[in-house]
1. Summarise the accessible area of the chain (1.4 Å probe, protein heavy atoms) by the percent that is carbon and sulfur.
2. Taking a point 7 angstrom from the Cα of Phe25 along the C-beta vector, which residues in the stretch 111-138 have backbone N less than 12 Å away?
3. Taking only DSSP H segments of four or more residues, each worth -39500 (n - 2.57), what value at 222 nm results for the chain once the sum is divided by all its residues, to the nearest 500 deg cm²/dmol?
4. Suppose we flag trypsin sites (Lys or Arg not before Pro) only when DSSP calls them loop and at most 12 other Cβ atoms lie within 10 Å. Which is the longest uninterrupted stretch of the chain?
5. Could you do me a favour and compute the accessible area per residue for the stretch 66-165, 1.4 Å probe, result in Å²?
6. What spacing in nm lies between the two simple spin-label points modelled at Asn41 and Leu96, each 7 Å away from Cα in the Cβ direction?
7. Of all alpha-carbon pairs in the chain, indicate the percentage at a distance above 22 angstrom.
8. Name the lysines eligible as straight-distance cross-link partners of Lys141: C-alpha to C-alpha under 24 Å, and not fewer than 8 places from it in the same chain.
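The values are calculated or read from the model by the stated rules, or taken from the named source; none is laboratory data. What you are looking at is a predicted structure, and each value in this text was computed from that prediction instead of being measured. Virtual Cβ from ideal backbone geometry, glycine too; neighbours counted across all protein chains shown. The accessibility values were calculated without ligands, DNA or RNA, using every heavy atom of the protein model including side chains. Shrake-Rupley method; radii C 1.70, N 1.55, O 1.52, S 1.80 Å.
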Amino acid sequence: MKHNWRMFEIILSGIQICLGILIWFFVYLTCNQYYTFLWKNPLIDHHSIVQMAVRKNITLVILSLIAISSAILLIKNLSKGWVMSVITWIMLTITLIINSYRLNQSNPNELDLVSIFIIGIITFVFIAIVFALNNIEFKRKYSPTIKNWIFIAISIVVLTALKFL
């Protein structure tokens, strides 16, 4: 593999670790808001609020774990890291699109034209990273099999289904 693609892997791994930690941070803030709401309103059904908090954030927690572990495996030059990196970037794209759509449906005035443009650019960058991971150099290095592609497809379907539960 050419030296510049190895640097791409290392930089991408660093970005994935940072994104995984950032996702954990935002999940923590969201769950903290749920629990603060619960303590202020003791008459609300706590069990259903906690279930809703877990249900809304389980995909993000799984995605952050996949992002961090795939980054570590990618640094170690393991093919599992490449497979999980592809899953990470595709799921980040899908999650961004789903969350933007849900935000727009719940509050149409929340997303202005600039926000939609920025979301579009981020989505384009995420898709470009997926295409870069499917470069011929990476395919030679990690030689993905049909089982890898099936695992990627099943993981994406399962994680997307979890997002809608």
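1. In the chain, the share of accessible area belonging to carbon and sulfur is 73 percent.
2. none
3. Value at 222 nm, helices only, nearest 500: -30500 deg cm²/dmol.
4. Numbers: sites that count: Lys2, Lys76.
That gives 77-165 as the longest site-free run.
5. Working: 5750 Å² over 100 residues.
That works out to 57 Å² for each residue.
6. 3.2
7. Working: 6763 of 13530 pairs.
The calculated P(r) of the chain puts 50 percent of pairs beyond 22 Å.
8. Within reach: Lys2, Lys76, Lys80.
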